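Scroll down for the structure; my scribbles are underneath it.
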Amino acid sequence: MAYAALAGLQLQYGLYSAFLGVFIYCLMGTSKDITMGPTAIMSILTNVTMAILLTFMCGVTHIAMSIFRLGFLVRYISHPVITGFMSAASIVISTTQLKKIFGISTPRGFFQTIIGILTNLYKTKVWDLVMGVTCMLILFLLKWMKERWATVKVAHEERVVIKVLRSTMWFIGTGRNAVIVLLSATIAYLITDIKLPIDVRPLTLTRNISGGLPPFALPSFTYDVPGTNQTVSFSEMMQRLGSGLAVVPLMAFLESIAIAKAFGKKNHYKVDASQELLTIGVANFFSSFVSSYPITGSFGRSAVNAQSNVMTPLGGIFTGAVVLLSLQFLSDAFQYIPASALAAVIIMAVINLFDPRGMRNVWKINKIDVLPMVVTFLLCFYDIAYGIMAGIGVSILILLAKHAMPAAKILEEDGNFIVMEIKQGLDFPGAEYIEETLQQQAENGNCKTLILDCSNLTTLDYSATEAFKHGSQALKESNISFRICGLQECNENMLKRMDVVKYGAKFYDDVNEAKDTIEPRTEEA
């Protein structure tokens with residue numbers, strides 16, 4: 001329900017999104033721990049007015065990716081991009097929930113929320129502020145107590161008593177969100193008259209939740225604009241969803257497979273990525289028929305499964321059953337949940353997404369990776385989808401730049417010969433660079449023999465062989481002997497078919513063999 005509020009939807013849509021996906025995952029999933037449902041990341045990426053259609057399109061996209069084996073596309077989302085996105089998302093989500101802590105209404109959006117809070121701070125509702133801050137402090141305390149008591153060492157004679165106490169603290173700490181919701185709702189029930197106008201209530205409560213199960217129906221492919229006679233067509237809806245049609249499915253799969261693999265590694269079982277992609281697609285596809293917004297694997301709920309020693313995916317049946325019972329019988333009670341309490345739950349859930357250690361590691365290990373991380377981080381404050389797409393674009397440009405300028409390093413130079421090394425595969429983006437490098441050596445004329453170490457070169461394409469051919473020709477015209485060493489047999493045969501031998505190129509197994517055939521340099525008068 002809290003994540004539905006984060007997405008700007010009515011709270012029942014959070015429950016609609018939390019039952020059918022887990023049933024489907026029980027039948028098709030390969031991780032015993034994963035629980036499908038709404039998450040903070042999916043909530044902040046969701047388009048409010050077309051959430052159900054977006055779920056349907058996510059399912060179609062995932063199924064198509066599975067059929068055409070396109071799951072590898074998520075590999076182009078680099079770790080720095082994920083780090084920047086997660087860190088920015090934690091700040092954006094927390095900031096947009098602060099208005100509920102203060103009991104202030106502001107426009108939707110990061111900058112709009114900050115401006116709205118600062119300009120309307122005098123309208124703060126004291127009870128909302130007290131409730132929100134208290135809930136955050138209790139959530140932090142319960143989490144600390146759970147972690148503290150989970151690792152405490154006890155004497156043998158105290159083992160039974162402490163074990164019971166530890167189990168109790170673990171249970172309360174694990175279910176701390178439910179504890180906060182129950183306590184805050186009880187307090188709200190005691191001090192708030194639901195019949196009073198909203199403006200005079202001491203606490204801001206959540207909106208009424210429509211009880212009962214959602215209808216099972218195909219999502220609407222048109223949208224009627226409220227207050228007008230205008231109808232938005234399917235093609236216009238697709239245009240409005242825009243980059244979300246690509247970003248949401250990719251992030252959903254990436255989030256779920258990362259969680260599944262993490263728990264699989266920890267608990268010693270294998271996760272089938274292709275099957276997971278298909279499962280997420282089927283889960284989203286059919287969940288759209290029950291008015292769900294996009295779902296994926298949830299880290300928090302999956303962690304509870306793992307800590308509870310759930311042994312098979314069938315554990316999801318109990319999760320789905322509880323949600324269905326809640327929809328059917330508890331909807332009236334949900335209206336007493338304070339909005340500030342739900343905001344506190346969200347803030348404490350996403351605050352750990354901020355990853356300063358990961359940012360420092362990116363800086364320490366490879367400075368160039370800081371660029372896509374910073375681009376993603378900053379643009380996500382404007383628009384999450386644009387930030388992710390821009391970060392991916394910068395990462396791919398960095399990757400392509402390395403192919404366009406392959407490392408060609410001079411290892412040895414003594415006036416009679418030069419030994420140069422190519423450190424990676426060579427294909428068409430870098431072909432011109434290598435050709436220019438060879439021609440530059442021909443123009444310089446600093447040696448009589450150029451030895452090119454290709455032992456690290458694993459791939460060649462037609463453009464690369466053309467570059468070798470033209471480079472060999474330039475070296476021959478400058479009376480420089482060209483010796484190529486360490487090529488794999490298949491690549492050597494490709495060059496020979498391009499007639500590089502006709503232009504004076506010779507092939508050797510290694511650099512030492514090539515150097516042994518060089519005539520000693522004679523003394524000049």
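The values are calculated or read from the model by the stated rules, or taken from the named source; none is laboratory data. Remember, it's a predicted structure, so these values are computed and weren't measured experimentally. As a convention, Cβ positions derive from the backbone with ideal geometry for all residues, glycine included, and neighbour counts pool all protein chains shown. The protein model used for the area step is the full one, side chains on, heavy atoms only, and it has no ligands, DNA or RNA in it. Shrake-Rupley method; radii C 1.70, N 1.55, O 1.52, S 1.80 Å.
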If you compute percent of Cα pairs over 29 Å apart for the structure shown, which of [x] 68; [y] 63; [z] 59 do you land on? [y]
Given Cβ charges of +1 for Lys and Arg and -1 for Asp and Glu, the option among 229, 326, 111 whose Cα lies farthest towards the positive end of the dipole of the stretch 3-352 is 111
Below 12 angstrom from the Cβ of residue 99, what's the summed charge of the other residues (Lys, Arg +1; Asp, Glu -1)? +3
For residue 120 and residue 272, what is the calculated FRET efficiency with R₀ set at 30 Å and r taken between the beta-carbons, to the nearest 0.05? 0.05
If you place +1 on the Cβ of every Lys and Arg and -1 on the Cβ of every Asp and Glu, how big does the dipole about the Cα centre of the chain come out, in debye to the nearest 20? 2700
Would you mind putting 69-78, 253-262, 336-345 in packing order, based on average other-beta-carbon counts within 10 Å, highest first? 336-345, 253-262, 69-78
If you put +1 on each Lys and Arg Cβ and -1 on each Asp and Glu Cβ, how big is the dipole of the stretch 408-523 around its Cα centre, in Debye rounded to 20? 260
Rounded to 5, the percent of DSSP beta bridges in the chain classed as antiparallel: 40
How charged is the neighbourhood of residue 31? Take every other residue with its Cβ under 15 Å from the Cβ of residue 31, and add Lys/Arg as +1 and Asp/Glu as -1. +2
Within the accessible area of the stretch 408-523 (1.4 Å probe), percent carbon and sulfur: 42
Under the classification rounded if a/c is under 1.5, otherwise prolate if a/b is larger than b/c and oblate if not, where does the stretch 356-404 fall, given a ≥ b ≥ c as square roots of the Cα gyration tensor eigenvalues? oblate
Prolate/oblate/rounded call for the stretch 256-328, Cα gyration tensor, a/c under 1.5 rounded: oblate
Enter the accessible area of residue 240 (Å², nearest 10), with the probe set to 1.4 Å and all protein chains included. 130
May I ask you to evaluate 6.51 cos²θ - 1.76 cosθ + 1.60, the Karplus curve with θ = phi - 60°, for each residue of the stretch 168-180 and list the ³J(HN,Hα) values in order in whole Hz, giving x for glycine and proline? 5, 5, 5, 5, 5, x, 5, x, 4, 5, 5, 4, 5
Full extension between residue 311 and residue 367 adds, at 0.36 nm per residue less the Cα distance, a length in nm of 15.9 nm
Mind checking the angle between helix 79-102 and the chain's longest principal axis? C-alpha axes, 0 to 90 degrees, to the nearest 10. 20
Ranked highest first by average number of other Cβ atoms within 10 Å, how do 351-358, 136-143, 175-182 line up? 175-182, 136-143, 351-358
Angle, helix 356-365 long axis vs. longest principal axis of the chain, Cα atoms, 0 to 90°, nearest 10? 0
Roughly how much of residue 236 is accessible, in Å² to the nearest 10, using a 1.4 Å probe? 80
Please compute the per residue accessible area over the stretch 373-511 with all protein chains in place, 1.4 Å probe, rounded to a whole number of Å². 48
DSSP bridge pairs, the stretch 408-523: antiparallel proportion in percent, nearest 5: 25
Label-point separation (nm) for residue 69 and residue 200, each offset 7 Å from Cα along Cα-to-Cβ? 6.9
Three-way shape call for the stretch 285-400 based on the alpha-carbon gyration tensor, with the a/c threshold at 1.5: prolate
Heavy-atom accessible area ranking, 1.4 Å probe, most first, across 66, 210: 210, 66
Sum up the charges of everything whose Cβ sits under 11 Å from the Cβ of residue 464, counting Lys and Arg as +1 and Asp and Glu as -1, but leave residue 464 out. -4
Solvent-accessible area of residue 123, probe 1.4 Å, all protein chains present, reported in Å² to the nearest ten, please. 110
Under a 1.4 angstrom probe, counting protein chains only, how are 515, 163 ranked by accessible area, largest first? 163, 515
Helix-only mean residue ellipticity at 222 nm for the chain, each DSSP H run of n ≥ 4 adding -39500 (n - 2.57), per residue, nearest 500: -18500 deg cm²/dmol
Rounded to the nearest 10, the angle in degrees between the Cα long axis of helix 244-267 and the longest principal axis of the Cα atoms of the chain comes to 90
